[in-house]
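Structure, as structure tokens:
The values are calculated or read from the model by the stated rules, or taken from the named source; none is laboratory data. These numbers were taken from a predicted model, which means no experiment stands behind them. Here Cβ is always computed from backbone atoms with ideal geometry, including for glycine, and neighbour counts include all displayed protein chains. Accessible surface is based on the protein model in full, side chains and every heavy atom, while ligands, DNA and RNA are left aside. Shrake-Rupley method; radii C 1.70, N 1.55, O 1.52, S 1.80 Å.
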Protein chains: 2
Amino acid sequence: MSAIAYEARADEYITALGSMDAVHPVDRAIVDAWAGGLSGPVLDAGCGPGHWTRHLADRGVDVRGVDLAPRFVEHARSAHPGVRFDVGSIDGLDAADGAFGGILSWFSTIHHEPEEISTPLREFARVTRPGGGLLVGFFVGTSLEPFDHAVTRAWRWPAGELARRVDAAGFDVIETHTREARGERAVGALRCERRA
Amino acid sequence: MSAIAYEARADEYITALGSMDAVHPVDRAIVDAWAGGLSGPVLDAGCGPGHWTRHLADRGVDVRGVDLAPRFVEHARSAHPGVRFDVGSIDGLDAADGAFGGILSWFSTIHHEPEEISTPLREFARVTRPGGGLLVGFFVGTSLEPFDHAVTRAWRWPAGELARRVDAAGFDVIETHTREARGERAVGALRCERRA
């Protein structure tokens, strides 16, 4: 279970990736462009150490973070006072239907098995108001395949295949970004809108 | 010939596309991230109305623009005083070997036939110093195919196929970006480095 795996390596992860300094400037632009078009509260779903949550809060977004790993939430609360963080699962969010204007799912579904990924995607759809936004960051592959992520097994998705799952959960995929860099895993982002 | 085609529709093009307001924020981030890592003078090769040239100049880059269409250069000089613009062809640049630390080729090779695209790419390699940068913006396709661009015939390239041409011209491709949006043509960018 990924929360346990992340607990074990949380400090290492926080040091390596838990800061906006470690973020590619193009990822920042993708998230900022998406967030700029939202209205209403935003959930950083699977927020990890909370650096994206804090980044959005600093830009005036009414945002809170949720993560399954208590160590991440503990760190996020301490590093980013004034921002709300909760322990919780993206498979079952403690939020009312349509509560959010946007959901950021930044590499938070990468450990879900293909037959289980619809659970968080449907949960995102449930808590997003019609017309609201979803941004999904993920690892890109030419075929759907697992790989040994530093923390625990993760999956690469062809962008079109993940887009079909997101669409089936109730979102229109309106923009697909990919980036492949020498010596790094290929990544992607789907910018989506909740259907009415 | 694309210069003549662009001359005929230059004013229309300038109004629709000749401003940074018309630029996707993610494209801006791609160009800015690339430019931030350069040293030495930069050429905006096929600069059109000169808005990217001006954008880079405003960020402190020592940049000049060149375009084959005199109407674009005339507009650029008038709209962006203080920035140098010349009429010229990317197939044969009026510059010394290794003169530049970077070349921005933003959708400027889209009208080259596949058998002719090596000409500007080799010319970019000639005028770029070893270790210098090249950023190529282009239309992405699943296969190499022509399409009816508003101005004159253009080509869609699979990113990997264009990357092979760029590599053959003397550059390492270090990062590939793609973006596909509902109702728009898919676009890409290759971030490249001149081999020594």
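Which of (1) surrounded by fewer than 22 Cβ atoms within 10 Å (Cβ to Cβ); (2) at pLDDT 95 or above; (3) among the aromatic types (Phe, Trp, Tyr); (4) at negative phi does A:PHE124 not meet, given it meets every other one?
A:PHE124 satisfies all of (1) surrounded by fewer than 22 Cβ atoms within 10 Å (Cβ to Cβ); (2) at pLDDT 95 or above; (3) among the aromatic types (Phe, Trp, Tyr); (4) at negative phi except (1).
Can you give me the number of residues within segment B:136-159 that are more than 12 Å from chain A (Cβ to nearest Cβ), part of a strand (DSSP E or B) and either open to solvent by less than 40 Å² (accessible area, probe 1.4 Å) or touching a residue at least 60 places away in the same chain (Cβ under 8 Å) (or both)?
Count: 8.
Of all residues in segment B:93-107, how many are open to solvent by 20 Å² or more (accessible area, probe 1.4 Å) and either touching a Lys or Arg at 6+ places or on another chain (Cβ under 7 Å) or touching a residue at least 60 places away in the same chain (Cβ under 8 Å) (or both)?
The qualifying residues number 4.
Could you please tell me which pairs satisfy a Cβ distance under 8 Å, a separation of 6+ or placement on different chains, a first residue in segment A:12-39 that is within 14 Å of another protein chain (Cβ to nearest Cβ) and closer than 16 Å to A:LEU135 by Cα, and a second residue that is modelled with pLDDT of 95 or more and part of a loop (DSSP other than H, G, I, E, B)?
Final answer for the pair search is A:ASP32/A:ARG59; A:ALA33/B:HIS24; A:ALA35/A:ARG59; A:ALA35/A:VAL61.
From the list A:VAL127, A:VAL87, A:VAL136, which one is among the β-branched types (Val, Ile, Thr) and over 22 Å from A:LEU17 (Cβ atoms)?
Numbers: A:VAL87 fails: over 22 Å from A:LEU17 (Cβ atoms); A:VAL136 fails: over 22 Å from A:LEU17 (Cβ atoms).
Of the residues listed, the single one that is among the β-branched types (Val, Ile, Thr) and over 22 Å from A:LEU17 (Cβ atoms) is A:VAL127.
Give segment A:160-174 a look and list any residue that's assigned to a strand (DSSP E or B) and under 16 Å from the mean Cα position of the chain (by Cα), or say none.
Once the filter is applied, which keeps residues that are assigned to a strand (DSSP E or B) and under 16 Å from the mean Cα position of the chain (by Cα), segment A:160-174 yields A:PHE171, A:VAL173.
Name the residues in segment A:179-196 that are more than 8 Å from every other protein chain (Cβ to nearest Cβ), in a loop (DSSP other than H, G, I, E, B) and over 15 Å from B:ARG182 (Cα atoms), would you?
Within segment A:179-196, A:GLY183, A:GLU184, A:ARG185, A:ALA186, A:ALA196 qualify.
Name the one entry in A:VAL61, A:VAL66 that is over 15 Å from the mean Cα position of the chain (by Cα) and not in a helix (DSSP H, G or I). Reasoning before the result, please.
Details: A:VAL66 fails: over 15 Å from the mean Cα position of the chain (by Cα).
Testing whether each residue is over 15 Å from the mean Cα position of the chain (by Cα) and not in a helix (DSSP H, G or I) leaves just A:VAL61.
Has segment B:52-67 got at least one residue that is within 14 Å of chain A (Cβ to nearest Cβ), β-branched (Val, Ile, Thr) and open to solvent by 20 Å² or more (accessible area, probe 1.4 Å)? Lay out the reasoning, then the answer.
Taking segment B:52-67 and keeping what is within 14 Å of chain A (Cβ to nearest Cβ), we get B:59.
The next check asks that each one be β-branched (Val, Ile, Thr); those that pass are none.
Checked segment B:52-67: no residue is within 14 Å of chain A (Cβ to nearest Cβ), β-branched (Val, Ile, Thr) and open to solvent by 20 Å² or more (accessible area, probe 1.4 Å).
What tally of residues in segment B:160-178 results from selecting those that are buried (at least 16 other Cβ atoms within 10 Å of the Cβ), closer than 24 Å to A:HIS24 by Cα and more than 8 Å from every other protein chain (Cβ to nearest Cβ)?
Residues flagged as buried (at least 16 other Cβ atoms within 10 Å of the Cβ), closer than 24 Å to A:HIS24 by Cα and more than 8 Å from every other protein chain (Cβ to nearest Cβ) within segment B:160-178 amount to 4.
Run down A:THR128, A:THR109 and say which single residue is touching a Phe, Trp or Tyr at 6+ places or on another chain (Cβ under 6 Å), among the β-branched types (Val, Ile, Thr) and within 23 Å of A:ARG28 (Cβ to Cβ).
Numbers: A:THR109 fails: touching a Phe, Trp or Tyr at 6+ places or on another chain (Cβ under 6 Å).
Exactly one residue qualifies, and that residue is A:THR128.
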